[in-house]
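Working notes for the structure below.
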Amino acid sequence: MTAHWKDTRDKASRRWFYALFFLLPLTVVFGHRGLAPWLLLASLPAFARGAFWQAAFGKLFDHPSLTDPKFASFAALLFLCFWIFLSGFWSPKGDPGMFLYVLGPALVGASIIWFSLTLTREWAWRLGRAFLWALVAGMIILSFEGVTDGLLRRFLPPSEPSTSRDIIALGRGVTALAPALFPAAAIAVRQWSRTAAVFVLALGIVAAATNDVLANVLAIGAGVAAALLALNAQRFTLKLVGGGAIAMLLLAPLVASQIPVEAIYASAEKNLSPEVLSQLSSSLHRLAIWKAVGVEAFSCQPFGCGADYARMWKETAPMVEVPGASVALSVSPIHPHNVFMQLWLELGLPGVFAMAAFLWFGLATLLRARLSRAVGAAIAGAFVAILISVMVEGSLWQVWRLAAMALAASGVALAHMLEKR
């Protein structure tokens, strides 16, 4: 390949990324599900390079060994996707192709991470700055929308039939960007200052608080706490959050099945006003969901009831009277609002252990890497924000959530290259 062609290709790729980072804030504000196709478009410069296929996959498969945590984590991911494929044959939905919901974002995200880790110094600075500005702009616009009850979304078609649905959609936009806040803060430290990093995180907290999704406030708040701890004790924090995630995954159905739902509901009705109960009804409903799924998950062992079983179970699942809710609600909505519970219910022991292995070997990879304080803190913060989200509202089949994880990971790669360079 001639030098002229490489220069032309690199300029085109740079402009492509600039255009995509300009569109990122608009994507999450006006349609958070658009983050998945956004990620696919961002992967094209990597997929168009032969070096990606040779370097990324060649290094993994030239000398495959489970003693290499990178290969082991990739093998665990492939087994998880293979098991999702098999489970489709006994799932009530009967769709073996659902493994693509996981494998697609993983491979696309990996390509962007690889691309970020091979950047020159100039590229790292330019794309790092673009990533940072995209996150800042996104949180500013989301905060504005939260304060004005979705002013921009009301003015631009298509309009939602109710303001509450608009606000929920904006809350999902905050969810999509929340994990990426932490690598953006790490980039801000390198390109601007520590004060700028604090400002970036504060913008995320404001956007979460003004857009009516409690899970976002909890996720960003817990992420900030983990990031601060990692600044002073990086390896301890990574082991704590990684080991904690694996423990919560393994214990999920046992803990959930013991939730004293009736006692909590009785206490809430006795001590809280109707207005407060109305605001908390969604959270109270989740307690009933998790307990019912925990009990049902035991009956689905050892192989699980199949991918997307929860959606089919909704038709026959019991109803529950939730304090603050105007009608009886199903204990099985579209998904269990907890990815760990969903793994136990739908994919059984093989799926759970595949995910546990992926987390274990992924953690081992991070512990072997030489990470700066800022990048280690960004990883801890992003991971905890993701963990909170997947434990209280996420689903394995929501591709945009997996795309949000990949976006955060690509930001970590950019921050790492800025420190490394």
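The values are calculated or read from the model by the stated rules, or taken from the named source; none is laboratory data. Bear in mind that the values here come from a model prediction, so they are computed numbers and not experimental data. Glycine also receives a Cβ, built like all others from the backbone with ideal geometry; neighbour counts cover every protein chain displayed. Areas reflect the complete protein model, heavy atoms only, side chains present, ligands, DNA and RNA absent. Shrake-Rupley method; radii C 1.70, N 1.55, O 1.52, S 1.80 Å.
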- Message: Test of understanding: among 310, 374, 356, 292, which residue is free of Cβ contacts under 8 Å to residues at least 60 places away in the same chain, touching a helix residue (DSSP H, G or I) at 6+ places or on another chain (Cβ under 7 Å) and open to solvent by less than 30 Å² (accessible area, probe 1.4 Å)?
- Response: 310
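When segment 205-224 is examined, which residues are found to be of a type in the set (A, V, I, L, M, F, W, C) and over 17 Å from residue 138 (Cα atoms)?
Result: 214, 215, 218, 219, 222, 224.
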- Message: I'd like to check which helices (runs of 4 or more DSSP H) are fully inside segment 200-284 and have at least 1 residues that are under 23 Å from residue 366 (Cβ atoms), more than 19 Å from the chain's Cα centre (by Cα) and not polar (S, T, N, Q).
- Response: 214-232, 234-256
- Message: Give all pairs with beta carbons closer than 6 Å in which a residue from segment 189-206 that is farther than 16 Å from residue 173 by Cα and open to solvent by 60 Å² or more (accessible area, probe 1.4 Å) meets a residue that is part of a helix (DSSP H, G or I) and among the β-branched types (Val, Ile, Thr); count only pairs at least 6 apart in sequence or on separate chains.
- Response: none
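Can you report the number of residues in segment 351-371 which are among the polar types (S, T, N, Q) and under 23 Å from residue 219 (Cα atoms)? Please lay out each step first, then the result.
Residues of segment 351-371 among the polar types (S, T, N, Q): 365.
Keeping just the survivors that are under 23 Å from residue 219 (Cα atoms) gives none.
Qualifying residue count for the region: 0.
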- Item | Odd one out for residue 305, checked against (1) buried (at least 19 other Cβ atoms within 10 Å of the Cβ); (2) without any contact (Cβ under 8 Å) to a residue 60 or more places away in the chain; (3) part of a loop (DSSP other than H, G, I, E, B); (4) more than 21 Å from the chain's Cα centre (by Cα) | (2)
- Query: Any chance segment 250-261 includes a residue that's free of Cβ contacts under 8 Å to residues at least 60 places away in the same chain, among the hydroxyl-bearing types (Ser, Thr, Tyr), more than 30 Å from residue 186 (Cα to Cα) and open to solvent by 40 Å² or more (accessible area, probe 1.4 Å)?
  - Reply: no
- Message: Quick check on my filter: what residues within segment 326-344 are more than 14 Å from residue 304 (Cβ to Cβ), assigned to a loop (DSSP other than H, G, I, E, B), open to solvent by less than 30 Å² (accessible area, probe 1.4 Å) and free of Cβ contacts under 8 Å to residues at least 60 places away in the same chain?
- Response: 331, 332, 333
- Find the residue count for segment 108-139, including only residues that are surrounded by fewer than 17 Cβ atoms within 10 Å (Cβ to Cβ) and closer than 30 Å to residue 83 by Cα. 0
